[in-house]
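The values are calculated or read from the model by the stated rules, or taken from the named source; none is laboratory data. For clarity, every value in this text was computed on a predicted model and none was experimentally measured. Positions of Cβ are generated from backbone atoms using ideal geometry, with glycine treated the same way; all protein chains shown enter the neighbour counts.
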Amino acid sequence: MRDEQIPEFIIERKLPRALAELRSEPIWMPFKLVRGRNGKHGKIPRDWRTGGVAYWGKDPSCRVTWGTACRAVERFRLHGVGLVLADGLGAIDLDDCRDPDTRMVDVEALAILKRARACGLYTEISVSGTGYHVLGAAKGSPLNRKVGSFEAYRCCNRFITISGRQVGDATRLVSIDGLIEDLLDRFAPGWDEAPSSTGGCGKPVEVDPHRHDWRDVLRRYRLVGELYDAIVRPASSMPGRRSDLIYKIAATLIEAGATDDEVGACLWACRCFQSKYPGDYDALDREIARIGAKVG
């Protein structure tokens, strides 16, 4: 990777002013882009010490300050940095709403962006250039919800990438609670009364494959002997049988009582899964939901 592929705001160490107050907070991680079969890039958090995949949900030491994360990007030739929306932080993620060539923005997304700007919220163009992130301070209950064209996160330990391509002139982080709740009231009435397991809009909360170390999961459910070889087996040794192996791993874990995040950790580490769905978080969600429905 060439130097110019590392975002300029990392090389120049110029964090947008509105995010400067977060510079010394241990919430940052470097990430690597991995292209999935659908053509989209997954943003995979990396360990700042090794450049390997970060099990940041379980190991808080994977989260570091802004400067440390930036140095890891340069050292391991990664693609950028992001932060964890821990206590006190929230975000709105607008996907696939911007044409990076014409810079045209969808009408619905534009209306949300105008409201965010009126509130003084920090807004930036996403890493892909096809969407926007709106970030702010948050004090409400944890949220991780997808509604229509946007996703709302609050105090939920969600990883979100930062591009530094600011839109607007916000100079500090202001509360995002009001905007999040207004949007959910409009697009998902009754969201605050719905069970948390479905995120209030009929869609399960996204699986976090980085919350657990897959080896620990196998030990916890005494499945090392049964599944270890299946997870580390090269995809080339399973021509035409990757789906069968993925099903076996997920079904065995689900039947043993593993959570979605634990199943996700094992599938994400599985070479056959990564060969079939490289870096594809959506595919991970779909496979776990599909197999869970069959096993259940």
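Among the residues examined, residue 83 qualifies as touching a Leu at 6+ places or on another chain (Cβ under 9 Å), closer than 22 Å to residue 29 by Cα and in a strand (DSSP E or B).
The single condition among (1) in contact with a Phe, Trp or Tyr (Cβ under 6 Å, 6 or more places away or on another chain); (2) over 30 Å from residue 182 (Cβ atoms); (3) of a type outside the set (Gly, Ala, Ser) that residue 74 does not meet is (1).
Exactly one residue among 116, 72 is of a type outside the set (S, T, N, Q), over 15 Å from residue 175 (Cα atoms) and assigned to a helix (DSSP H, G or I), and that residue is 72. A count restricted to region 262-296 and to residues that are at pLDDT below 85 and β-branched (Val, Ile, Thr) stands at 1. Within region 229-255, the set of residues being within 18 Å of residue 207 (Cα to Cα) and small (Gly, Ala, Ser) comprises 250, 251.
A single entry from 259, 252 fulfils the requirement of being hydroxyl-bearing (Ser, Thr, Tyr) and at pLDDT below 90: 259.
Given the condition polar (S, T, N, Q) and farther than 20 Å from residue 83 by Cβ, answer yes or no: does some residue in region 142-163 qualify? Yes, because at least one residue in region 142-163 is polar (S, T, N, Q) and farther than 20 Å from residue 83 by Cβ. Considering region 134-150, the residues that are surrounded by fewer than 24 Cβ atoms within 10 Å (Cβ to Cβ) and within 24 Å of residue 102 (Cβ to Cβ) include one that is modelled with the highest pLDDT, namely 150. Residue check: residue 35 meets all listed conditions (1) modelled with pLDDT of 95 or more; (2) over 28 Å from residue 141 (Cβ atoms) but one, namely (1).
From the set of residues in region 120-136 that are assigned to a loop (DSSP other than H, G, I, E, B) and in contact with a Ser or Thr (Cβ under 8 Å, 6 or more places away or on another chain), which is farthest from residue 80 (Cα to Cα)?
Initially, region 120-136 is screened for residues assigned to a loop (DSSP other than H, G, I, E, B), giving 120-121, 126-131.
Imposing the further condition that a residue be in contact with a Ser or Thr (Cβ under 8 Å, 6 or more places away or on another chain) reduces the set to 126-127.
Values: 126: 12, 127: 9 Å.
Residue satisfying both the conditions and the ranking: 126.
Within region 86-113, restricting attention to residues that are among the small types (Gly, Ala, Ser) and part of a loop (DSSP other than H, G, I, E, B), the residue that is nearest to the chain's Cα centre (by Cα) is 86.
Within region 1-21, which residues are at pLDDT 85 or above and in a loop (DSSP other than H, G, I, E, B)? Correct list: 14, 15, 16.
So which of 271, 233 is among the charged types (D, E, K, R) and touching a Cys at 6+ places or on another chain (Cβ under 9 Å)?
233 is the lone residue from the list that is among the charged types (D, E, K, R) and touching a Cys at 6+ places or on another chain (Cβ under 9 Å).
Any residue at all in region 28-47 that is more than 24 Å from residue 146 (Cβ to Cβ) and among the polar types (S, T, N, Q)? No, region 28-47 has no match at all. Candidates are the residues of region 151-190 that are under 17 Å from residue 109 (Cβ atoms) and aromatic (Phe, Trp, Tyr); the one that is modelled with the highest pLDDT is 153.
Scanning region 256-275 for residues that are surrounded by fewer than 19 Cβ atoms within 10 Å (Cβ to Cβ) and either touching a Ser or Thr at 6+ places or on another chain (Cβ under 9 Å) or closer than 13 Å to residue 227 by Cα (or both) yields a count of 3. Checking residue 224 against (1) modelled with pLDDT under 90; (2) in contact with a helix residue (DSSP H, G or I) (Cβ under 9 Å, 6 or more places away or on another chain): exactly one of these is not met. Which one? Answer for residue 224: the failing condition is (1).
Does region 273-284 contain any residue that is touching a Phe, Trp or Tyr at 6+ places or on another chain (Cβ under 9 Å) and without any contact (Cβ under 8 Å) to a residue 40 or more places away in the chain? Yes, there is a match, as at least one residue in region 273-284 is touching a Phe, Trp or Tyr at 6+ places or on another chain (Cβ under 9 Å) and without any contact (Cβ under 8 Å) to a residue 40 or more places away in the chain.
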